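S.K.: Handing you a structure now.
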Amino acid sequence: MTKQEQAAILAEQEQGQRHFLGSWARIILVLAVVWTIFQLYMSSYGVMDAIKFRAWHLGFLLVFSFLLYPRTKKSKRAAPSKLDMVLVLLSIISIGYFLFTYDVFVRERYGVNIPLDYVMGALAIGLLFEATRRVTGLSMTIIALIFLGYNFAGPYLPGILSHAGFSVERIISVMFWGGQGIFGTAIGVSATYIFVFVIFGAFLKNSGFSDFINDLALTIAGRTAGGPAKVAVIGSGLMGMMSGSAVGNVVTTGAVTIPLMKKTGYQPKFAAAVESVASTGGLLAPPIMGAAGFIMAEFLGVPYSQVMLAAIIPAVLYYSVLLLVVHLEAKRLGLSGISKENIPNAVKVLKEGGHLLIPLIVLIGTLMTGVTPLFAAIWALASTILASWIRRSTRMGLGSILRSIEEGVRGAINVGIATAIVGIVIGTVTLTSIGLTIGNNVLNLAGESVLIAAVLTMVISIILGMGVPATAAYIIVATISIPILTRMGVPPMAAHMFAFYYAALSSITPPVALASYAAAGLAKVNPTAVAIESVRLGAVGFIIPFFFLFNPVLLFDGGSVWESIAAGIIALIGGAALAVAIAGYLKDYVSVIERLLFAVSGLMIIDTSGNTDLVGFGLLFLLLVNHIRKTGWKRSEAKMTALKKEGIAER
């Protein structure tokens, strides 16, 4: 069994999926190929009503959910149970009914439902909730149930939460037969962008790209202090921005990097936290951004290239601080890098795997020319196969292509089901105006203070994002939180990026930190301890959004390109000061008071909207001079003591 196959099986098991053998394995493969061909054709040249295409997408999602995800952890995994097959049949019936009667519903009945419509709608909604419970777990299911129940409970709730309430028929009509519920924008993005890019990521991985990235990271940082941790940051970051899944990236890359970090001398808790923070950061980094970037472009009505551009400086700042924290931790522990004989030759790595960068060049190049992300992804997907054929060692044969398709389909289920159930949340917000109610009350509480509104928005975003895939979490947050900020005058791009950061970082935020928990399992350490350590290492990620919220120039918004670049460089210096505060070490240990002062100086430097950066630079200069003076004196004293012992002290 190859390394890629082992990683794929590990990822499936971590996600709770069945891994079939024999006839069922062939059935799943055939279904995956059929679905992929259908999706790629419809995303490129096919023509179909958007709501019908989304219904087909949901139909496939439900079928795969019940085939691949067992009802409980104790359910048999060798084959689907009888109940699973009944649920598959009911999924086909309910979605099939929608597909075959939708034209009649719209053109002959003029949007008027008949009793059977409600029965099939209720059946499909119930199936979706069961699929969500199996695939994403209880967190997402409970959130959706609360929102669904709110439609009924309005008359019985006190104060601002009360509303007139809606009938079962009205709710089913909105959630299933309308364009604001299950078949709304959220699943539309899954049916197009997300599916294609997840398939692209699977092809990229199986072409040998992940091994190439790992070797490249080794050549860049392997020999430096604490090299394995830096390799984890670089490799996980690069793979994360391609795969778009924090948990999936932790499981695949972490299986290699976490044991290597532990072997080098890092504590298991720290090693797991590094991997989870680095993998989560991949969602915040272009070009793919976990597919949420495409949704953001849709919401904003701007080209995706503009979203990519806005994400560059915050992502660079996030990873630069993480790398520096890892470096300082290695220095504190006295860790060395990987021995020279275990580091691959850089020239050889580029010679043997450099051609695997062609798909990324094609993707970014086509996106920057204004081509739609879908066409860019399809061209990049085709170039992945062609590029792999350049060298025999990376050549993708039929087996590798089929494996990539199945892995891609398996990877698309989690996000696809999550975006489908998010339709319940969006439908409820539309039907009850709860988003407007929450927004008005937050605004009343915040008064004229954008800072208070931002803090409240951050809390809402993190809570709503707990236990939810980042893309789905962003959609929920965008529906409720972003209007709060934009109504206070925050530029739309800054408001969306602000909400997206906290939705994504919920993957490492306790009490439900999915990426941290996955890493903890690989490191065999307490999950809560890893989540807390992840928050410490990723602290800059929680801080950055406040600065681009008040100074959008960090997003290449509201200023010239050179102003944005200058602000980014200054922010990196401030980020370095924050890294010292987080690590508690520079040339030597840093006291608690000094750590606080380093943090203050870093925050003041990053804030380039006023004159605080000048004060921050002054404070940082004094801190560095004082630290060098202290550490220099200690080293001189130690040197003199050593010389005296040898009897050769200087006069």
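The values are calculated or read from the model by the stated rules, or taken from the named source; none is laboratory data. Here the structure is a predicted model, which means the values were calculated and not measured. As a convention, Cβ positions derive from the backbone with ideal geometry for all residues, glycine included, and neighbour counts pool all protein chains shown. To get the accessible areas, we keep the full protein, side chains included, count just its heavy atoms, and leave off ligands, DNA and RNA. Shrake-Rupley method; radii C 1.70, N 1.55, O 1.52, S 1.80 Å.
S.K.: Residues being closer than 20 Å to Ile213 by Cβ and open to solvent by 50 Å² or more (accessible area, probe 1.4 Å): count how many of those fall in the stretch 328-356. Spell out the reasoning first.
M.R.: Of the residues in the stretch 328-356, the ones closer than 20 Å to Ile213 by Cβ are 337-338, 342-356.
Filter again for open to solvent by 50 Å² or more (accessible area, probe 1.4 Å), leaving 342, 345, 347-348, 350-352.
Residues flagged as closer than 20 Å to Ile213 by Cβ and open to solvent by 50 Å² or more (accessible area, probe 1.4 Å) within the stretch 328-356 amount to 7.
S.K.: Here's something else I'd like to know. For the stretch 418-448, name all the residues that are small (Gly, Ala, Ser) and either over 21 Å from Leu157 (Cα atoms) or crowded, with 18+ Cβ neighbours inside 10 Å (or both).
M.R.: Step one: list which residues in the stretch 418-448 are small (Gly, Ala, Ser), which gives 418, 420, 423, 427, 433, 435, 439, 446-447.
Result: Ala418, Ala420, Gly423, Gly427, Gly435, Gly439, Ala446, Gly447.
S.K.: Return a yes/no flag: does the stretch 468-482 have any residue that is open to solvent by 30 Å² or more (accessible area, probe 1.4 Å), more than 14 Å from Ala292 (Cβ to Cβ) and of a type outside the set (Gly, Ala, Ser).
M.R.: Narrowing the stretch 468-482 to residues open to solvent by 30 Å² or more (accessible area, probe 1.4 Å): 479.
Now restrict to residues that are more than 14 Å from Ala292 (Cβ to Cβ): none.
Scanning the stretch 468-482 turns up no residue that is open to solvent by 30 Å² or more (accessible area, probe 1.4 Å), more than 14 Å from Ala292 (Cβ to Cβ) and of a type outside the set (Gly, Ala, Ser).
S.K.: Among the residues of the stretch 10-24 satisfying the criterion of being under 15 Å from Gly411 (Cβ atoms) and either among the polar types (S, T, N, Q) or at pLDDT 90 or above (or both), which is least open to solvent (accessible area, probe 1.4 Å)?
M.R.: Gln17
S.K.: Scan the stretch 467-497 for residues that are closer than 19 Å to Glu448 by Cα and part of a helix (DSSP H, G or I) and jot them down. Reasoning before the result, please.
M.R.: Of the residues in the stretch 467-497, the ones closer than 19 Å to Glu448 by Cα are 481-492, 494-495.
Passing the criteria: Ile482, Pro483, Ile484, Leu485, Thr486, Pro492, Ala494, Ala495.
S.K.: Look at Val415 and say whether it is in contact with a helix residue (DSSP H, G or I) (Cβ under 8 Å, 6 or more places away or on another chain), modelled with pLDDT of 80 or more, part of a helix (DSSP H, G or I) and open to solvent by less than 30 Å² (accessible area, probe 1.4 Å). It would help to see each step written out before you state the result.
M.R.: On the way: in contact with a helix residue (DSSP H, G or I) (Cβ under 8 Å, 6 or more places away or on another chain): yes; modelled with pLDDT of 80 or more: yes; part of a helix (DSSP H, G or I): yes; open to solvent by less than 30 Å² (accessible area, probe 1.4 Å): yes.
Criteria met by Val415.
S.K.: Moving on to the next point. Within the stretch 45-98, restricting attention to residues that are in a loop (DSSP other than H, G, I, E, B) and either at pLDDT 95 or above or among the β-branched types (Val, Ile, Thr) (or both), which residue is farthest from Gly188 (Cα to Cα)? Don't jump to the end; show me each part of the working.
M.R.: First pass over the stretch 45-98, keeping only residues in a loop (DSSP other than H, G, I, E, B): 45-49, 69-81.
Okay, now just the ones that are also either at pLDDT 95 or above or among the β-branched types (Val, Ile, Thr) (or both), so 47, 72.
Working: Val47: 14, Thr72: 29 Å.
Per the criteria, the residue is Thr72.
S.K.: Across the stretch 598-611, which residue is farthest from Ile570 (Cα to Cα) among those that are free of Cβ contacts under 8 Å to residues at least 24 places away in the same chain and open to solvent by 50 Å² or more (accessible area, probe 1.4 Å)? Before the answer, list the steps.
M.R.: Narrowing the stretch 598-611 to residues free of Cβ contacts under 8 Å to residues at least 24 places away in the same chain: 599-600, 610-611.
Subset that is open to solvent by 50 Å² or more (accessible area, probe 1.4 Å): 600, 611.
Numbers: Val600: 15, Asn611: 13 Å.
So, considering only residues that are free of Cβ contacts under 8 Å to residues at least 24 places away in the same chain and open to solvent by 50 Å² or more (accessible area, probe 1.4 Å), the one farthest from Ile570 (Cα to Cα) is Val600.
S.K.: Six or more apart or on different chains, Cβ under 9 Å: which pairs go from a residue in the stretch 320-334 that's under 10 Å from Gly575 (Cβ atoms) and of a type in the set (Gly, Ala, Ser) to one that's part of a helix (DSSP H, G or I) and open to solvent by less than 10 Å² (accessible area, probe 1.4 Å)? Could you list them?
M.R.: Ser320/Val540; Ser320/Gly575; Ser320/Ala579
S.K.: Right, something else. Given (1) in a helix (DSSP H, G or I); (2) surrounded by 15 or more Cβ atoms within 10 Å (Cβ to Cβ); (3) more than 23 Å from the chain's Cα centre (by Cα), where does Leu451 come up short, assuming only one miss?
M.R.: Unmet condition: (2).
S.K.: How about the stretch 558-572: which of its residues are open to solvent by 40 Å² or more (accessible area, probe 1.4 Å) and part of a helix (DSSP H, G or I)? Show your work before the answer.
M.R.: Taking the stretch 558-572 as the starting set, the residues that turn out to be open to solvent by 40 Å² or more (accessible area, probe 1.4 Å) are 558, 560-563, 565-566, 569-570, 572.
Scanning the stretch 558-572 gives Val561, Trp562, Glu563, Ile565, Ala566, Ile569, Ile570, Leu572.
S.K.: Report yes if some residue within the stretch 297-311 is more than 30 Å from Gly370 (Cβ to Cβ), assigned to a helix (DSSP H, G or I) and open to solvent by 10 Å² or more (accessible area, probe 1.4 Å); otherwise report no.
M.R.: Here is the first cut: in the stretch 297-311, the ones more than 30 Å from Gly370 (Cβ to Cβ) are none.
For the stretch 297-311, residues more than 30 Å from Gly370 (Cβ to Cβ), assigned to a helix (DSSP H, G or I) and open to solvent by 10 Å² or more (accessible area, probe 1.4 Å): absent.
S.K.: Return only the number of the condition from (1) touching a residue at least 24 places away in the same chain (Cβ under 8 Å); (2) surrounded by 17 or more Cβ atoms within 10 Å (Cβ to Cβ); (3) aromatic (Phe, Trp, Tyr) that Tyr589 does not satisfy.
M.R.: (2)
S.K.: I'd like the residue in the stretch 498-546 that is among the charged types (D, E, K, R) and assigned to a helix (DSSP H, G or I) and, out of all such residues, is farthest from Ala285 (Cα to Cα).
M.R.: Residues of the stretch 498-546 among the charged types (D, E, K, R): 524, 533, 536.
Imposing the further condition that a residue be assigned to a helix (DSSP H, G or I) reduces the set to 533, 536.
Working: Glu533: 22, Arg536: 20 Å.
Across the stretch 498-546, the extreme among qualifying residues is Glu533.
S.K.: Could you tell me whether any residue of the stretch 157-167 is under 34 Å from the mean Cα position of the chain (by Cα), more than 27 Å from Glu298 (Cβ to Cβ) and either part of a helix (DSSP H, G or I) or without any contact (Cβ under 8 Å) to a residue 12 or more places away in the chain (or both)? Spell out how you get there, then give the answer.
M.R.: Of the residues in the stretch 157-167, the ones under 34 Å from the mean Cα position of the chain (by Cα) are 160-161.
Pick out the ones that are also more than 27 Å from Glu298 (Cβ to Cβ) and you get 160-161.
In the following step, the residues that additionally are either part of a helix (DSSP H, G or I) or without any contact (Cβ under 8 Å) to a residue 12 or more places away in the chain (or both) were identified as 160-161.
For the stretch 157-167, residues under 34 Å from the mean Cα position of the chain (by Cα), more than 27 Å from Glu298 (Cβ to Cβ) and either part of a helix (DSSP H, G or I) or without any contact (Cβ under 8 Å) to a residue 12 or more places away in the chain (or both): present.
Conditions (1) out of contact with any strand residue (DSSP E or B) (no Cβ under 7 Å at 6 or more places or on another chain); (2) farther than 20 Å from Leu572 by Cβ; (3) open to solvent by 10 Å² or more (accessible area, probe 1.4 Å), marked per residue:
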position: Ser516; (1), (2), (3): yes, yes, no
position: Lys524; (1), (2), (3): yes, yes, yes
position: Ala531; (1), (2), (3): yes, yes, no
position: Ser534; (1), (2), (3): yes, yes, no
position: Phe556; (1), (2), (3): yes, no, yes
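S.K.: Condition first: of a type in the set (Ser, Thr, Tyr), open to solvent by less than 30 Å² (accessible area, probe 1.4 Å) and under 18 Å from Tyr193 (Cβ atoms). Can you find one or more residues in the stretch 25-41 that meet it?
M.R.: Applying the first criterion (of a type in the set (Ser, Thr, Tyr)) to the stretch 25-41 yields 36, 41.
Then keep just the ones that are open to solvent by less than 30 Å² (accessible area, probe 1.4 Å); that gives 36.
Then keep just the ones that are under 18 Å from Tyr193 (Cβ atoms); that gives 36.
So far as the stretch 25-41 goes, yes, one or more of its residues are of a type in the set (Ser, Thr, Tyr), open to solvent by less than 30 Å² (accessible area, probe 1.4 Å) and under 18 Å from Tyr193 (Cβ atoms).
S.K.: Across the stretch 263-289, what is the number of residues that are in a helix (DSSP H, G or I) and either open to solvent by 10 Å² or more (accessible area, probe 1.4 Å) or touching a Cys at 6+ places or on another chain (Cβ under 9 Å) (or both)? Steps first, please.
M.R.: At the first step, the residues of the stretch 263-289 found to be in a helix (DSSP H, G or I) are 263-264, 268-284, 289.
Still in the list and also either open to solvent by 10 Å² or more (accessible area, probe 1.4 Å) or touching a Cys at 6+ places or on another chain (Cβ under 9 Å) (or both): 263-264, 268-269.
Residues meeting the conditions: 4.
Per-residue answers, yes or no, for (1) touching a strand residue (DSSP E or B) at 6+ places or on another chain (Cβ under 7 Å); (2) farther than 29 Å from Ile438 by Cα; (3) open to solvent by 40 Å² or more (accessible area, probe 1.4 Å):
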site	(1), (2), (3)
Phe66	no, yes, no
Tyr69	no, yes, no
Leu87	no, yes, no
Ser91	no, yes, no
Leu99	no, yes, no
Glu108	no, yes, yes
Ala153	no, no, no
Pro158	no, no, yes
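S.K.: Just name the residue that is farthest from the chain's Cα centre (by Cα) out of those in the stretch 368-397 that are outside any helix (DSSP H, G or I) and among the hydroxyl-bearing types (Ser, Thr, Tyr).
M.R.: Taking the stretch 368-397 first, the residues outside any helix (DSSP H, G or I) are 369-372, 389-391, 395-397.
When the remaining residues are screened for being among the hydroxyl-bearing types (Ser, Thr, Tyr), the result is 369, 372.
Numbers: Thr369: 25, Thr372: 22 Å.
Among them, the one singled out is Thr369.
S.K.: Quick one: Arg392 ticks every box in (1) in contact (Cβ under 8 Å) with a residue 12 or more places away in the chain; (2) farther than 28 Å from Met261 by Cα bar one, so which box is it?
M.R.: Only one criterion in (1) in contact (Cβ under 8 Å) with a residue 12 or more places away in the chain; (2) farther than 28 Å from Met261 by Cα is unmet by Arg392, namely (1).
S.K.: Still on this structure, please answer the following. So His19 clears everything in (1) free of Cβ contacts under 8 Å to residues at least 60 places away in the same chain; (2) outside any loop (DSSP other than H, G, I, E, B); (3) not hydroxyl-bearing (Ser, Thr, Tyr) except one condition, right? Which one?
M.R.: (2)
S.K.: Scan the stretch 119-129 and give yes if some residue there is within 21 Å of Pro70 (Cβ to Cβ), under 23 Å from the mean Cα position of the chain (by Cα), at pLDDT 85 or above and among the small types (Gly, Ala, Ser), otherwise no.
M.R.: Checked the stretch 119-129: no residue is within 21 Å of Pro70 (Cβ to Cβ), under 23 Å from the mean Cα position of the chain (by Cα), at pLDDT 85 or above and among the small types (Gly, Ala, Ser).
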